[in-house]
Amino acid sequence: MSVAVYPGSFDPITCGHLDIIKRCLLLYDKVIVGVLCNSAKKPMFEADERVELIKKALGDAKNCEIKAFDGLLVDFVRQEKADVIVRGLRAITDFEYEFQMALLNKKLCPEVETLFMVTSTDYSYVSSSIVKELASLGGDFSRLVPDEILEDIKLKITEGR
Ligand code: PNS
């Protein structure tokens, strides 16, 4: 059985992330979305909230599990008995960091491959940071995130004020 881990901060999940998850589900028997708990950045949503938002956005997608993880990605990948780490590439600017991370992960865990999936052109400019900035400044971010989580983001912004 082929198992892929799609890791990230997902603070919050965007339409670009969702597109990658759905395309991964066509390629692998099981996809585990790994939500990093202790990101260096102060997140807008706690890890358990981010997990719930992804579940809400995905609906009842079969063969997909959403799990929070802490520590090294390769340890999580081993624990889940996955073969592949999937990362989305939006632009050439993503490449340097992603390349470094893939090489490091390969050194730490030679049996696991990193697969880069090119983001659909519709979402190549979308990031969680852009969503948060737009949301906090009152801009329209409705086409950047799944409909199911729009209200959760609006509520979080209101609570923070
Ligand atoms: O969505 P992001 O913030 O770009 O995801 C980055 C992530 C979570 C994939 C990366 O920071 C990560 O794997 N963190 C876990 C710690 C780790 O394994 N670090 C070594 C590789 S850089």
- Item | Cross-link table K22/K42; K56/K156; K41/K154; K55/K154; K22/K67; K41/K107, entries beyond 22 Å C-alpha to C-alpha | K22/K42; K41/K107
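Would you mind calculating the relative contact order of the range 3-160 from Cα pairs under 8 angstrom and at least 6 residues apart, reporting the percent as a whole number? All intermediate terms of the calculation are to be shown ahead of the outcome.
On the way: 222 pairs, mean separation 46.7, N = 158.
Computed over the range 3-160, the figure is 30 percent.
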- Query: Mind checking which of F116, F95, F45 has the largest fluctuation in a GNM of the chain, springs on alpha carbons under 10 Å?
  - Reply: F95
- Message: Full-extension gain between S136 and N63, please, as 0.36 nm times their residue separation minus the C-alpha to C-alpha distance.
- Response: 22.8 nm
- Solvent exposure of the chain as accessible area per residue, Å², 1.4 Å probe: 56
- Query: Given a 1.4 Å probe and every protein chain left where it sits, what share in percent of the accessible area of the chain is carbon and sulfur?
  - Reply: 55
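The values are calculated or read from the model by the stated rules, or taken from the named source; none is laboratory data. What you see is a predicted model, and the numbers here were worked out from it, not measured in a lab. We work out accessible area using only protein heavy atoms, side chains counted, and drop any ligands, DNA or RNA first. Shrake-Rupley method; radii C 1.70, N 1.55, O 1.52, S 1.80 Å.
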